[in-house]
Amino acid sequence: MSTSPHPGADPKPLLFALYEQASVGCGGAPSLWTHPADERLGINSLSYWSSLARIADQANLDMLFFADVLGFYDGYGGTADAALKWAVEAPANDPLMIIPALAAVTENLAFGVTVSTSYEHPFTHARRFSTLDHLSNGRVGWNIVTSYLNSAARNFGLEQMIKHNDRYERAEEFLDVVYKLWEGSWAQDAVVADKSRQLYAQGERVRPINHVGEHYRVAGPHLSSPSPQRTPLLIQAGWSGRGREFAAKHAELIFIAKSNPLEIRQGLDEIWAQAQARGRQADDVKSLTVLRIVTAKTEIEAQRKYEQLQSNYHLQAQLVSYAGDTGIDISRYADNEPLATHTEGLTSYMMRPDGSGKPLTAGDVKQRFASVTRGTDLILVGTPEQVAQRIEVHAAISGTSGYMINPLISPGSLEDFVELVIPALQKRGLYRTQPQSGTLRSRLRNDGSSYLPASAHGASFRFA
Ligand SMILES: Cc1cc2nc3c(=O)[nH]c(=O)nc-3n(C[C@H](O)[C@H](O)[C@H](O)COP(=O)(O)O)c2cc1C
């Protein structure tokens, strides 16, 4: 029996987010910043981001999402030269700094921001997100990642990255600390803010957390007063077995980078079942699947667009990406040589053998990334009607709650989505026609609450 939260339900609006990175080369097809129509060279300016955010806000997108890395992609050929040449996830500005400015120029758009539990400190992290949650009126979500680059580890005093499953153990403790700060440090009635009584907050209603664990010792109290959501909406990206276990415990929204709808369905069923075993509802765990779109009014025009993208798409940039994600340096392998099958990096980005039992070779990976319409993500090329129809079928089979639009070029891909695809989705009832207001969590939850539900692990840390 499927554990889907919407078995056989009529189509209802899907969620749509825009994937971004404060880098010139955005994850997915990083070399496309070289396309004549691309404006990503503007990432150092606020006007680039505010105009993108305004388009997304006016189109009622659910979220502007920022991925992030803390080191360069230096796994290809042993240096960062190729990553810098192609701007593969480089340069890497701090996305958190961009959010308040975008919150100021948008009405309803929500923001998801990636922060790594392996390198940040939970005390400062909790304070930053409380501040963001206040400033954005609860329009913020945290994408919890454990990170995967050795170059990032070296930037934080380690020789190499912490091992895959150990990173998740550290993440568990990180989450405990931030839950204690967000949920347990200030009572709901702690802030009085009464000028006549000269009383801002009641000291006995604000308490230290005195956390002592394997990785962190944090006294508290939390420095910020309770924000609209307290705990920001918890997003998670990681599809390994350990990653799914983590998602089932903590995540309210999962970020998936898989294309096969049956594979997605299987993973989601597993996560939903694990979440239910923890006393959560399957519907408490929503998901967004990465989607790239090449579309135009006619098939011929869409094909022409694809060809122009292809002429600005470069395999070497993809191989730099692959090396960074998985730790497998294709430049060191002959085309017919089998690749390593183990990584401490992003296990879910490893390409699996094709089912023939033969191990993957470097040649297979090159073949896989030979064209802008290939790779490992879901990519749809066609007229808006064709794209909308394929989204409908994919969502019905996969059970995904929505899609993370990964722009091939910016802002062109977003503009195409808004002008061409949204009307086609709306005809099918798959895209909302009204803006959504309120906190990000309240929009995603059936009960409309801005706070974690009582069944969430984080709720167990509440001020009694
Ligand atoms: C779809 C997806 C997106 C991710 N985005 C990021 C990111 O922006 N920054 C980052 O440091 N890690 C990112 N990660 C990886 C996480 O760091 C993850 O905790 C870790 O590598 C383990 O992933 P795994 O459980 O899939 O093996 C992402 C993972 C997935 C599956």
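Values in this text are rule-based calculations from the coordinates and carry no lab data. Values in this document were obtained by computation on a predicted structure and should not be read as measured data. Every residue, glycine among them, receives a Cβ derived from its backbone with ideal geometry; neighbour counts consider all protein chains shown.
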How tilted is helix 46-58 with respect to the longest principal axis of the chain? Cα atoms for both, answer in degrees (0 to 90, nearest 10). 90
What shape does the stretch 326-464 have by the C-alpha gyration tensor, where a ≥ b ≥ c are the square roots of the eigenvalues, rounded means a/c under 1.5, and otherwise prolate means a/b greater than b/c and oblate the rest? oblate
Each label point is 7 Å from the Cα along the Cα-to-Cβ direction; what then is the distance between the points at Leu46 and Ser371, in nm? 4.4
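What does the C-alpha gyration tensor say about the overall shape of the stretch 34-127? Classify as rounded when a/c is under 1.5, otherwise prolate if a/b is larger than b/c, or oblate. Present the calculation step by step, with values, prior to reporting the outcome.
Details: a/c = 2.60, a/b = 1.25, b/c = 2.08.
In terms of gyration-tensor shape, oblate.
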Identify the residues of the stretch 285-308 with backbone N under 20 Å of a label point that sits 7 angstrom from the Cα of Ser455 along the Cα-to-Cβ direction, or state none. 285-288
Multiply the residue gap between Leu262 and Ala277 by 0.36 nm, knock off their C-alpha separation, and tell me the result in nm, one decimal place. 3.2 nm
Out of residues 5 or more away from Lys286 or on other chains, whose amide H comes under 5 Å of its own, with H placed 1.01 Å from N in the peptide plane? Leu253, Ile254
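Please say if the stretch 272-378 is rounded, prolate or oblate, where rounded means a/c under 1.5 for a ≥ b ≥ c the square roots of the C-alpha gyration tensor eigenvalues, and otherwise the choice is prolate for a/b larger than b/c and oblate otherwise? Walk me through the numbers before you get to the answer.
Working: a/c = 2.46, a/b = 1.13, b/c = 2.16.
Taking the square roots of the gyration eigenvalues as a ≥ b ≥ c, the stretch 272-378 is oblate.
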So how far apart, in nm, are the two label points at Ala104 and Leu158 if each is 7 Å from Cα heading toward Cβ? 3.6
So if I average 1/r over every pair of distinct C-alpha atoms in the chain and take the inverse, what Kirkwood radius in Å does that give? 22.9
Taking one equal scatterer on every alpha-carbon of the stretch 39-198, how large is log10 of I(q)/I(0) by Debye at q = 0.12, 0.14 1/Å? -0.66, -0.86
Rounded to the nearest 0.05, what FRET efficiency is calculated for Ala193 and Arg428 with R0 set to 30 Å and r the Cβ-Cβ distance? 0.05
Using a 10 Å cut-off around each Cβ, can you sort Tyr119, Tyr216, Tyr431, Tyr179 from fewest to most neighbouring Cβ atoms? Tyr216, Tyr119, Tyr431, Tyr179
C-alpha long axis of helix 241-250 to longest principal axis of the chain, angle in °: 40
